[in-house]
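Novice: One structure, as structure tokens, below. Some questions next.
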Amino acid sequence: MSEVLKQESLSASNLPVPVVTAAIAIIMTRCSGILLEIHEMGMAGLINFVQLTAQSWSATLIFIASQLLFFIELRCALALLQGRSWGRRGYVFTQIIVSFYLLIAAAGWITPEIFNLNGDAGHLLASQKLPDLLVLMLLFIPASSREFFRQR
């Protein structure tokens, strides 16, 4: 049993630095985003937000889907830290879904308007997705990342 644990810890230390950095960045950006929202809204505002979201089925569905995507992204980050290549594909898939939803919502094609953007929508959407784009670059561009996932 100890040999299995030793071998497991050895494989974890062989992760490329860009992969570890990307996984930690996913975890930290998602958790800090939640903490900043709680700080910005306060507990009363958070309770009010959940109550308003629960008043219509479409808003409830979007709220549940966003929470599901949050946990899928966290699971993908943990899979990356374990050296699993499906974590990289899963994170790309969640980013495609989120970007598609943001584009449709910014255009006003979705009836439950959870948010709206004033000004240049494309520029604001790009600035919102920039950290995720940098994480994707860490997972796909460095040669060490590509070679690591090619071997998996």
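Novice: So how far apart, in nm, are the two label points at S13 and S144 if each is 7 Å from Cα heading toward Cβ?
Specialist: Using points 7 Å along Cα→Cβ, the separation is 1.5 nm.
Novice: Using a/c under 1.5 as the rounded threshold, could you call segment 17-142 rounded, prolate or oblate? The axes a ≥ b ≥ c are square roots of the C-alpha gyration tensor eigenvalues, and prolate needs a/b larger than b/c, oblate otherwise.
Specialist: prolate
Novice: Taking amide hydrogens as modeled 1.01 Å from N in the peptide plane, which residues meet the under 5 Å criterion relative to L15, leaving out close sequence neighbours?
Specialist: Those lying under 5 Å, H to H, from L15: there are none.
Novice: Which one of L133, A23, G33 has its Cα pushed farthest toward the positive end of the charge dipole of segment 17-142, where Lys and Arg give +1 and Asp and Glu give -1 at the Cβ?
Specialist: A23
Novice: I'd like the FRET efficiency for Y101 and M28, computed as 1/(1 + (r/R0)^6) with the beta carbon distance as r and R0 of 35 Å, rounded to 0.05.
Specialist: My answer for the efficiency is 0.95.
Novice: Quick one: if the Förster radius is 22 Å, what FRET efficiency do I72 and L136 give, using the C-beta to C-beta distance and rounding to 0.05?
Specialist: 0.90
Novice: Each residue of segment 24-41 in order: what ³J(HN,Hα) in whole Hz does its phi give by Karplus 6.51 cos²θ - 1.76 cosθ + 1.60, θ = phi - 60°, with x for Gly and Pro?
Specialist: With coefficients 6.51, -1.76 and 1.60, one gets 5, 5, 4, 4, 5, 5, 5, 5, 5, x, 5, 4, 5, 5, 5, 5, 5, 7 Hz.
Novice: Using 0.36 nm times the number of residues separating L36 and L125, minus their current alpha carbon distance, what extension gain do you get?
Specialist: Difference between extended and current length: 30.1 nm.
Novice: Is segment 58-113 best put as rounded, prolate or oblate by its Cα gyration tensor, with a ≥ b ≥ c the root eigenvalues, rounded for a/c under 1.5, and otherwise prolate when a/b is larger than b/c, oblate when not?
Specialist: Here segment 58-113 falls in the oblate category.
Throughout, read-outs are computed from the coordinates displayed, never taken from laboratory work. Since the structure is predicted, the reported quantities are computational estimates derived from the model, not experimental observations. Every residue, glycine among them, receives a Cβ derived from its backbone with ideal geometry; neighbour counts consider all protein chains shown.
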